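Please read the structure below before turning to the comments.
The values are calculated or read from the model by the stated rules, or taken from the named source; none is laboratory data. Note that the structure is predicted; figures quoted are calculated from it, not measured. In this analysis, Cβ positions are derived from the backbone assuming ideal geometry, glycine residues included, and neighbour counts consider all displayed protein chains. The accessibility values were calculated without ligands, DNA or RNA, using every heavy atom of the protein model including side chains. Shrake-Rupley method; radii C 1.70, N 1.55, O 1.52, S 1.80 Å.
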Amino acid sequence: MSAQFNEHKQEERLEELRRREEEQLAEMLAGKYGVEYVDLTKKSIDTDALRLIPEKEAREAEVAAFHKLNKKIWIAARAPERDDTMRAIANVERLGFEVRRFIVSRASLDHAWDRYHDISFATETEAGILTLSNETIQRMLAEIKTLEDVKVEIQNLAGSKDSHRISRVLEVIMAGALALGASDVHLEPEETGVRMRYRLDGVLLEVLVFDAPTYNLISSRLKLLSGLKLNIKNAAQDGRFSIQVNEKEIEIRASILPGAYAETIVMRILDPSTIALPMEKLGFDSYLMEIFNKEIAKPNGMILNTGPTGSGKTTTLYAFLKQVSNPEIKVVTIEDPIEYHLPGVVQTQVSKDYTFASGLRSTLRQDPDIIMVGEIRDSEVASTAVNASLTGHLVFSTLHTNDAAGTFPRLIDMGVNADILGAALTVSMAQRLVRKLCPDCRTETPLSPEDAKTMQTLLAHIPHPEGVPEKRDSTWMAKGCAKCGGIGYKGRMGIVEVILMDKAVETVIRTTTSEREIWRAAKPQQIRRMAQDGAVKVLQGITSLDELGRVVDLHDEVMLETIS
């Protein structure tokens, strides 16, 4: 009877023997170097830890981060004394982690490195944080140039059978929004599908329509991420989460409303890089810069910026704070939420137990020189802010009114005494944001007779005419090119109007709340109305007349009467 030789089985035994020898060698080296040994092939790999060392660096240095607990991290290496290994570990330590070192076999490292494919798309990590891998973001920024690019990416993923497709779709939605510079993402269920739109430079543009099953999965994922209740579908909910991109954390505010077909979701993107602008970058004319520099240098008073949501009010106030902040004064803010972290400024964020009203009262006990209140929403906040400005503090805040003159009757309606308003409020300003024409594709065109008449009315008695271009018979229009994604506009800038508190304005607000009368009293101040500020920017080729008419009523009866 002859023996049968099983070559395949023999190969398996040899492979198992080699693996054991390698593990024994790793365990022996661990004792030699005085570090711990672990066999990762028998352990699950924590992808939150793994992502802290980029895959290319990990493979070259033969290391893998495999477990993370708060600020402690476990890192495995083939040879801990190698220079590139020590550099990789030092990079993790610079992020604030306490490293625990292990020696492992090559098989262990291969097992850990195999998990990198799981973090090539968006992953929920700690509660409320969506981490987008560096590789994915860089790819998105390079590939996504237009709304059509986002549409194609999402359609390809939504139709796939990948078990991670919802994570991938969510990643494309958010990465696409960041790549295109969107301020909001709208998901709106309708009878035949769910419409997705981005708000780009203040205008909503449709991206694509989802099928209902895909949207239901996206909705559940977003609810979990935002800390909202999955079982509530007939009431409004508000939550928030963060996106970690490279070293930057971007906050997302999620708002959910019940609808006729399903819940509507709007996500507002608070990107610090779009808010941290100096005053010189906001597009103020020289005479306005002179006014603002003078007013924000005063030791007390109140500066109110008014306008609808998304009109750039907070960005302007941040610019004012950056201008006045210095080590000799204390600045405290009360915000909802903190949109940009300012060095040297004490910033607080409202919550259920810390409202604008209670926060402002507490802030006054902190001996501040300057206070910024995110928004005056009610009579209690209005009264406290006014009293703060009367007792030696400079107060910045925002208010929802249509124009600068509307600030005064709004505060009086909130219960502020008209007799003390003149002493408290120093500057009332209103602003809007207009889209800037793409400089690469804008086209010059003669004014139509109707548009020429509108421009003539706005410019007839315009203050500071020295800043108005001499050529007034043509404007620029949007066309669209590859640089602007075919839209014709790229970026935004502010148009503003200002009323300073002087004796004439103070006298009027004591006797009437008529905005028409307030504007008449402010006319000698020689400050342009918002429509006039925009008209100058139209002639300068910065924006178009159509765009100006979208955000400002160029035929408003009160405005036309008070500028003539």
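If packing is taken as the average count of other Cβ atoms within 10 Å, what order do 315-325, 473-483, 508-518 fall into, highest mean first?
On the way: 315-325: 19.6, 473-483: 15.5, 508-518: 17.1.
With the highest mean Cβ count within 10 Å placed first, the list reads 315-325, 508-518, 473-483.
What whole-number value in Å² describes the accessible area per residue of the chain for a 1.4 Å probe?
Computed with neighbouring chains in place, this is 48 Å² per residue.
Over 5 Å intervals from 0, what percent of Cα-Cα pairs in the range 134-287 sits in each interval?
Whole-percent P(r) values from 0 Å outward: 2, 9, 17, 21, 21, 15, 7, 4, 2, 1, 1, 0, 0.
Which residues among the range 456-476 fall inside the zone where the amide N is under 17 Å from a point 7 Å beyond the Cα of residue 526, along Cα→Cβ?
Label zone hits: 460-468.
Write down Rg/Rh for the chain, rounded to two decimals, with Rg from the C-alpha atoms and Rh from the Kirkwood relation over Cα pairs. Show your work: numbers first, answer last.
Values: Rg = 29.9 Å, Rh = 27.6 Å.
Expressed as Rg/Rh, it is 1.08.
Among 13-20, 549-556, 147-154, what's the highest-first ranking by average C-beta atoms within 10 angstrom per residue?
Numbers: 13-20: 11.0, 549-556: 16.5, 147-154: 19.1.
Most protected by this proxy first, the peptides run 147-154, 549-556, 13-20.
At a Förster radius of 30 Å, what calculated FRET efficiency corresponds to the Cβ-Cβ distance of residue 57 and residue 346, to the nearest 0.05?
Numbers: r = 38 Å, r/R0 = 1.27.
Calculated value: 0.20.
Among 415, 431, 262, which residue has its Cα positioned farthest towards the positive end of the charge dipole of the chain, with +1 placed on the Cβ of Lys and Arg, -1 on the Cβ of Asp and Glu, and the dipole taken about the Cα centre?
Result: 415.
Could you state the orientation-averaged shadow area of the convex hull built on the Cα atoms of the range 327-442, in nm² to one decimal?
Details: hull surface 39.4 nm².
Averaging across all directions leaves 9.9 nm² for the Cα convex hull.
Fully extended, how many nm does the chain gain between residue 473 and residue 220 (0.36 nm per residue separation, minus their Cα-Cα distance)? Before the final figure, lay out each step's value.
Values: separation 253, 0.36 × 253 = 91.08 nm, distance 5.50 nm.
Extending this stretch completely gives an extra 85.6 nm.
So, in Å, what gap is there between the alpha-carbon centers of the range 141-214 and the range 218-293?
The distance from the Cα centre of the range 141-214 to that of the range 218-293 comes to 16 Å.
Compute the long axis of helix 313-324 from its Cα atoms, compare it with the longest principal axis of the Cα atoms of the chain, and write down the angle in degrees, 0 to 90, nearest 10.
With rounding to tens, the tilt is 90 degrees.
Picking from 504, 152, 525, whose Cα lies most toward the positive end of the charge dipole for the chain (charges on Cβ: Lys, Arg +1; Asp, Glu -1)?
Of the listed residues, the answer is 504.
Greater than 30 Å separation of Cα atoms is the criterion. Which listed pairs, 32/72; 248/537; 71/248; 248/322, meet it?
Check vs 30 Å cut-off fails for 248/537.
Mind checking which aspartates and glutamates have their C-alpha under 17 Å from residue 151, skipping anything on the same chain fewer than 8 residues away?
143, 171, 184, 188, 206, 211
Rounded to the nearest Å, what's the spacing between the alpha carbon centres of the range 480-552 and the range 383-407? Just the number, please.
Taking the Cα centre of the range 383-407 as reference, the centre of the range 480-552 is 20 Å away.
Please work out whether the range 235-359 counts as rounded, prolate or oblate from its C-alpha gyration tensor, where a ≥ b ≥ c are the square roots of the eigenvalues and a/c under 1.5 means rounded, while otherwise a/b larger than b/c means prolate and anything else oblate? Walk me through the numbers on the way to the answer.
Values: a/c = 1.91, a/b = 1.78, b/c = 1.07.
Since a/c reaches 1.5 and a/b is larger than b/c, the shape of the range 235-359 is classed as prolate.
Out of 200, 178, 91, whose Cα points farthest toward the positive end of the dipole of the chain (charges: +1 Lys, Arg; -1 Asp, Glu; placed on Cβ)?
Most positive-ward Cα: 91.
Please give the charge dipole size of the range 479-548, origin at the Cα centre, charges +1 on K and R Cβ atoms and -1 on D and E Cβ atoms. Round to the nearest 20 debye. Intermediate values should be presented prior to the final figure.
Values: 12 positive and 8 negative charges, 46 e Å.
Roughly 220 debye for the range 479-548.
Considering only DSSP beta bridges whose two residues both sit in the chain, what percent are antiparallel, to the nearest 5? Each step should come with its number before you reach the end.
Details: 56 of 91 bridges.
So the antiparallel bridges amount to about 60 percent of the total.
Relative to the first principal axis of the alpha-carbon coordinates of the chain, what is the inclination of helix 286-296, with its axis defined by its Cα atoms, in degrees from 0 to 90 and to the nearest 10?
Long axis of 286-296 versus the principal axis of the chain: about 80 degrees.
Taking the Cα atoms of the range 299-354, what is the range of coordinates along each of the three principal axes, in descending order and whole Å?
The Cα atoms of the range 299-354 stretch 33, 27, 21 Å along the principal axes, largest first.
Give me the one-decimal Kirkwood hydrodynamic radius in Å for the range 471-564, with the sum taken over alpha-carbon pairs.
Details: mean 1/r = 0.0654 Å⁻¹.
This gives a value of 15.3 Å.
Mind giving me the FRET efficiency for residue 367 and residue 293? R0 is 30 Å, r the Cβ-Cβ distance, nearest 0.05 is fine.
On the way: r = 25 Å, r/R0 = 0.85.
My answer for the efficiency is 0.75.
Can you tell me the equivalent ellipsoid semi-axes for the range 180-250? Use √(5λ) from the Cα gyration tensor, largest first, whole Å. Could the numbers behind the result be given before it?
On the way: eigenvalues 88, 75, 25 Å².
With the √(5λ) rule applied to the range 180-250, the semi-axes are 21, 19, 11 Å.
In nm, give the distance between the simple-model label positions of residue 148 and residue 553, each being 7 Å from the Cα along the Cα-to-Cβ direction.
Placing both labels 7 Å beyond Cα along the Cβ direction yields 3.9 nm.
If I take every Cα pair under 8 Å that is 6 or more residues apart in the range 439-526, average their sequence separation and divide by the length, what percent do I get for the relative contact order? List each step's numbers first, then the result.
Numbers: 60 pairs, mean separation 25.5, N = 88.
This gives 29 percent for the range 439-526.
Quick one: if you stick a label point 7 Å off each Cα along the C-beta vector at residue 28 and residue 233, how many nm between them?
6.3 nm
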